Amino acid sequence: MIRAIFVGVTHHEEIAMSERESKKITRRRFLKTSAVVVAAGAQGEAKASATDKPKHKFFDVNETGDPGGAAPIVRPWKRVPLDPRYSGAWVVAGDLDGDGAVEIVSARNVDKNDIHYTSAVVAQRLDGSVLWRWGNPKIGRRKLHHDVACQIYDWDGDGNNEVILCTDGFLVELDGATGKERRRLPLPKDATDCLVFANLSGNSRATDVLVKDRYTQIWAFNYDWKQLWTAKLPGGYRTAHQPRPIDIDGDGRDEIMAGFAMLNPDGTTRWVFKSRKVDLARGHLDCCRVLRAGKRPADFRLVLTCCGANNIALVDGTGKVVWEVSGHHFESINIGKICRNVPGLQIAVDIDHRPRGEGPLWVLDENGRHLGQIMTNSSRIHPLIDWTGEGTESILLDQARGLFDGQGKRIATFGRQPPDTPGIYMVGDMTGDGVPDVLARSASAVYIYKNEKGKRPAKAAPLGTEVNFTLY
């Protein structure tokens, strides 16, 4: 997901470097040709020659230059200068003190041989004033090439948010309003890569937490910090960047997409994804998103991207393959109604590990067919947002600093204050009206762009960034 934020290194290059170091995978030859598409079930089977270029049905545009044209410039609603000592490249937002307005939480991280932990955090109001600081600002870094274990969540269910993070050897629960430590809980060695809240116990809400090391093992704990289970190399493969909780069978408890394996709430293996096209041992699961939910597991449709194995696949909730597209390093997935006249929902997916200037964003339909491509300098981050109020979602590309409609047309360009270059774009209600807005971070500030025309969804957008926020 994105960043022209760091001095001399873009976000996607930083992420790529981390993955190359941890897996000792050098940049593999990128096939500039069409992938093989396998469609099963009702769609039958379609195969494209490996020498054919992908044929995009609606659009194929280039956005590698400076933004231009007639698209309106969106000026920031707020610019929040970040505390120079404690702030980091990881940013989440939420109401910490109960006043109905979002606060910004920014975190630094330590990286030792691709083992990460949170080292310093600062919480700030939208006027830039500091609510509180925590940690040691003398260690750690502001660069970002992975998720940082720092989230905002009302863990105890009392109506007030906490800030929960993983530091060296411990999970720390901070009072959202004051930053004071409420609990410091011991963690297994190196289980500080990220943290995820899930409902494994069948409670009315997610009170359990998942932690993990970089690519090997996941642990599950309940709120009272009893270990529920652990899974090492789930299904025989590396873990995902962030485990994905999904209640596949409707019993009120989450199953966990832990990597290429779907785990039951008790940590046992439910099924393992088996690709028809690639060797999954070459990498790990980058991203899993729900394309369609259902009453039965077989009714679900999950989209998976396979790092290192160069693959994107659609599977049902039993792990059965519906289709696959192989041959490219697909990373992050966003799903929504992008193309008005195309049935169903669409899939926005980036192709990473590319030279600068060759970062495609693809739009696929539910059958894996190419609908369009936007070529950018890097397409790692691409959230979707209804910016026009017309009921379709536009694609937000940070390196292009713009919003693009379902025909690949730029409909807005986000302004900046030179030399600041915002990156890591996120979507959530930042103004308190229930309508999703845009938040972006630069090296020294957070920018908030108010959504002036978007309609309030039937279910109002949560205040701030999503729970279990991830760059994947």
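The values are calculated or read from the model by the stated rules, or taken from the named source; none is laboratory data. As the structure is a computational prediction, the values presented were derived from the model and not from experiment. All Cβ positions, even for glycine, are placed from backbone atoms using ideal geometry, and neighbour counts span all protein chains on display. Heads up: the accessible areas ignore ligands, DNA and RNA and are worked out on the full protein's heavy atoms, side chains in. Shrake-Rupley method; radii C 1.70, N 1.55, O 1.52, S 1.80 Å.
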Per the filter on segment 307-335, residues open to solvent by less than 10 Å² (accessible area, probe 1.4 Å), in a strand (DSSP E or B) and either at positive phi or touching a helix residue (DSSP H, G or I) at 6+ places or on another chain (Cβ under 6 Å) (or both) are none
Quick check, is Gly434 of a type outside the set (Val, Ile, Thr) and either outside any loop (DSSP other than H, G, I, E, B) or in contact with a helix residue (DSSP H, G or I) (Cβ under 9 Å, 6 or more places away or on another chain) (or both)? no
Quickly run through segment 347-372 and pick out the residues that are more than 18 Å from the chain's Cα centre (by Cα) and either among the aromatic types (Phe, Trp, Tyr) or not in a loop (DSSP other than H, G, I, E, B) (or both). Leu364, His370, Leu371, Gly372
Selection from segment 104-134 of residues that are closer than 18 Å to Ala93 by Cβ, open to solvent by less than 50 Å² (accessible area, probe 1.4 Å) and in a loop (DSSP other than H, G, I, E, B): Leu126, Gly128, Ser129
Scan segment 203-224 and report the pairs whose first residue is within 17 Å of Ile115 (Cβ to Cβ) and in contact (Cβ under 8 Å) with a residue 40 or more places away in the chain and whose second residue is open to solvent by 40 Å² or more (accessible area, probe 1.4 Å) and hydrophobic (A, V, I, L, M, F, W, C), with Cβ atoms within less than 7 Å and a gap of 6+ or a chain change. Arg214/Ile115
Any chance segment 68-89 includes a residue that's over 22 Å from the mean Cα position of the chain (by Cα), acidic (Asp, Glu) and open to solvent by less than 40 Å² (accessible area, probe 1.4 Å)? yes
Which of the residues spanning segment 135-157 are in a strand (DSSP E or B) and either open to solvent by 30 Å² or more (accessible area, probe 1.4 Å) or of a type in the set (Gly, Ala, Ser) (or both)? Gly135, Arg141
Where the second residue is open to solvent by 30 Å² or more (accessible area, probe 1.4 Å) and polar (S, T, N, Q) and the first is without any contact (Cβ under 8 Å) to a residue 60 or more places away in the chain and lies in segment 111-134, which pairs have Cβ atoms under 8 Å and are six or more apart or on separate chains? Ser119/Asn136; Ala120/Asn136; Trp132/Thr178
Considering every residue within segment 252-263, establish whether at least one is out of contact with any Leu (no Cβ under 7 Å at 6 or more places or on another chain), open to solvent by 60 Å² or more (accessible area, probe 1.4 Å) and in a loop (DSSP other than H, G, I, E, B). no
All positions within segment 231-251 that are free of Cβ contacts under 8 Å to residues at least 40 places away in the same chain and surrounded by 15 or more Cβ atoms within 10 Å (Cβ to Cβ): Ala231, Leu233, Pro234, Gly235
Residue under question is Ile395, and the condition is that it be over 23 Å from Arg340 (Cβ atoms), assigned to a strand (DSSP E or B) and among the β-branched types (Val, Ile, Thr); does it hold? no
Index of the failed condition, His382 passing every other in (1) part of a loop (DSSP other than H, G, I, E, B); (2) touching a helix residue (DSSP H, G or I) at 6+ places or on another chain (Cβ under 9 Å); (3) crowded, with 23+ Cβ neighbours inside 10 Å: (2)
Condition met for Gly428 (out of contact with any helix residue (DSSP H, G or I) (no Cβ under 9 Å at 6 or more places or on another chain) and farther than 30 Å from Ala240 by Cα): no
